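K.L.:
Mind looking over this structure? Questions follow.
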Amino acid sequence: MDKKYFKLRVKTGTKIISTKGDYIVSDIPDNALEFLEKGASWLVLAKEADVPLSKLEEPRLRKLKSLRATQGFSEDVIIISRALELKQKGDKPKVEAKPEK
C-alpha cells in the first residue's frame, strides 16, 4: 500500500525504541502497513486510506481494526470500518436485471 495513505504522529528524526530494534523516523516507510500491523503507534492512516485498504483480505482488515481499537486509535478504526464496508459492497455478486417481456 502506498505510503501516501499514512501519516506520522512524530517528528522526523524521532528515535523509536522497540523490542524489535530501534528505528529513527526519517519519513513514512515504504512498508508502513506492516509497521501498523505490528502495532506502531507513531503511524496513523490518512482519511483516504479506506479505498486501498478495501483491497486487502477481510481477516487482515478485521485483525488490524481490532489492534487499532485496542490501541485507542478511533480514527483508524473508522477508516478500517469504511474499508470493510467498501469490501462487502464490492464482494456482493451483481444481480443482472431481467429484461421485461
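K.L.:
Pull out all pairs, ordered by first then second residue, where Cβ-Cβ is under 7 Å, the residues are six or more apart or on different chains, the first lies in region 3-23 and is more than 14 Å from Gly39 (Cα to Cα), and the second is acidic (Asp, Glu) and not in a strand (DSSP E or B).
P.N.:
Lys3/Asp30; Tyr5/Glu48; Thr12/Asp27; Lys15/Asp22
K.L.:
Also, I was wondering about something else. Tell me which residues, restricted to region 19-54, are small (Gly, Ala, Ser) and either in contact with a Gly (Cβ under 9 Å, 6 or more places away or on another chain) or surrounded by 12 or more Cβ atoms within 10 Å (Cβ to Cβ) (or both).
P.N.:
Scanning region 19-54 gives Ser26, Ala32, Gly39, Ala40, Ser41, Ala46, Ala49, Ser54.
K.L.:
Here is a further query. Of the residues in region 51-94, how many are in a helix (DSSP H, G or I) and either at positive phi or of a type in the set (Val, Ile, Thr) (or both)?
P.N.:
6
Residue-by-condition table, conditions (1) within 23 Å of Gly90 (Cβ to Cβ); (2) touching an Asp or Glu at 6+ places or on another chain (Cβ under 8 Å):
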| position | (1), (2) |
| --- | --- |
| Ser26 | no, no |
| Asp30 | no, no |
| Lys38 | no, no |
| Leu45 | yes, yes |
| Leu61 | yes, no |
| Ala69 | no, no |
| Phe73 | no, no |
| Ile78 | yes, no |
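Values in this text are rule-based calculations from the coordinates and carry no lab data. If you're wondering where the values come from, they're calculated on a predicted model, not measured in any experiment. Positions of Cβ are generated from backbone atoms using ideal geometry, with glycine treated the same way; all protein chains shown enter the neighbour counts.
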